[in-house]
Amino acid sequence: MNNKLIPFDIPEELTKFDVSKYHIVSVPFSETVTYLKGSENAPKAILNASNQVELYDIDTEGEPYLNGISYSEINTNQNIQKVLDDIDQEISKCLSNNKFPVMLGGEHSISFGAIKACKKFFKNLCVLQIDAHSDLRTEYLGNPFNHACAMIHVFNNNIPLIQVGIRNSSKEEHILIKENPSKITTFFANSSGLNIEAIIKSIKNKNVYLTIDLDGFDPSVIPHVGTPEPGGLTWYEVINLLENIFKNFNVVASDIVELAPNRYSAPSDFITAKLLYKLFCFKD
């Protein structure tokens, strides 16, 4: 029996690294999860659900799978610093071979490994973060690599950060945001909806690394995440934003993190797989 995971159930010849335009990096890491468990199971759940995604996208009229979607997995049975180093190497390999890599977490702490790789290849780089939480703590529970600290490494490395959907921060994080408007631009979630035009205008860098924490969505859209927050973004708000980001900027890599699969409910897995395919559609 062949137990190999094949993204989107595409023909196996389209999953070879040397022919693919898109590359999925699985990172089932969940060492610092602090609330709902299970994000280590997310990459497999997303890939299993991807078999049910329609390969023709009616919005873009595209079939990006025809350009190939390859797949690899990072060994996460090691400490976070080694995981981040291995991610850096894997994403660097993708970029050296002109791939568009998307990393599937796991928790949000993994993002900086990929961002670090992108910074080496793209000097004019910024990070667009879709998230419920600002993730700008210098440490959490004594760990500077906790998932709650995912974006402080972006800030400390002088990479411009644009945050969308934020609706929960500590006092210290909120002060950091207010005191550093030249380095952090934050669009808080509110009842008036997403101002996509303002977000586009706020991005001054050509090259964009896109990090999507799924709790940026409202729980009515994707309920099964590690740290859910009410009042989030709708499906079409995110899709319209992403379409505009890909149209106006060079999105060089992305990640999707913090899914906590529920064995009794599949919609969150499928919606995430659909979101993943949308990234390929917009990049196609």
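The values are calculated or read from the model by the stated rules, or taken from the named source; none is laboratory data. It should be emphasised that the depicted structure is a prediction, and the values quoted were computed from it without experimental measurement. Cβ sites come from the backbone with ideal geometry, for glycine too, and all protein chains shown count toward neighbours.
Numerical summary
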{"read-out": "Residue within region 138-150 that is touching a helix residue (DSSP H, G or I) at 6+ places or on another chain (Cβ under 7 Å), surrounded by fewer than 15 Cβ atoms within 10 Å (Cβ to Cβ) and among the charged types (D, E, K, R) present", "value": "yes"}
{"read-out": "Any chance residue 256 is surrounded by fewer than 16 Cβ atoms within 10 Å (Cβ to Cβ) and among the aliphatic types (A, V, I, L, M)", "value": "no"}
{"read-out": "Lone qualifier among 84, 128, 95, 47 - being touching a Lys or Arg at 6+ places or on another chain (Cβ under 8 Å) and either on the phi < 0 side of the Ramachandran plot or surrounded by fewer than 21 Cβ atoms within 10 Å (Cβ to Cβ) (or both)", "value": "84"}
{"read-out": "Set 105, 113: member being over 20 Å from residue 46 (Cα atoms), surrounded by 20 or more Cβ atoms within 10 Å (Cβ to Cβ) and of a type outside the set (S, T, N, Q)", "value": "113"}
{"read-out": "Which listed residue is over 23 Å from residue 114 (Cα atoms), aliphatic (A, V, I, L, M) and touching an Asp or Glu at 6+ places or on another chain (Cβ under 8 Å), from 210, 233, 259", "value": "233"}
{"read-out": "Scope region 19-62; condition in contact (Cβ under 8 Å) with a residue 24 or more places away in the chain and out of contact with any helix residue (DSSP H, G or I) (no Cβ under 8 Å at 6 or more places or on another chain); matching residues", "value": "35, 36, 37, 38, 39, 40, 41, 43, 44"}
{"read-out": "Count - residues of region 139-176 that are under 24 Å from residue 238 (Cβ atoms), out of contact with any Gly (no Cβ under 9 Å at 6 or more places or on another chain) and in a loop (DSSP other than H, G, I, E, B)", "value": "5"}
{"read-out": "Strands (runs of 3 or more DSSP E) contained entirely in region 1-105, each with at least 3 residues that are under 19 Å from the mean Cα position of the chain (by Cα) and of a type in the set (A, V, I, L, M)", "value": "22-27, 100-105"}
{"read-out": "Test: residue in region 228-239 that is modelled with pLDDT under 95 and crowded, with 24+ Cβ neighbours inside 10 Å", "value": "no"}
{"read-out": "Filter result (touching a helix residue (DSSP H, G or I) at 6+ places or on another chain (Cβ under 8 Å) and over 17 Å from residue 217 (Cβ atoms)) within region 112-132", "value": "112, 113, 114, 115, 116, 117, 118, 120, 121, 125, 127"}
{"read-out": "Tally, over region 152-196, of residues that are over 23 Å from residue 240 (Cβ atoms) and in contact with an Asp or Glu (Cβ under 7 Å, 6 or more places away or on another chain)", "value": "1"}
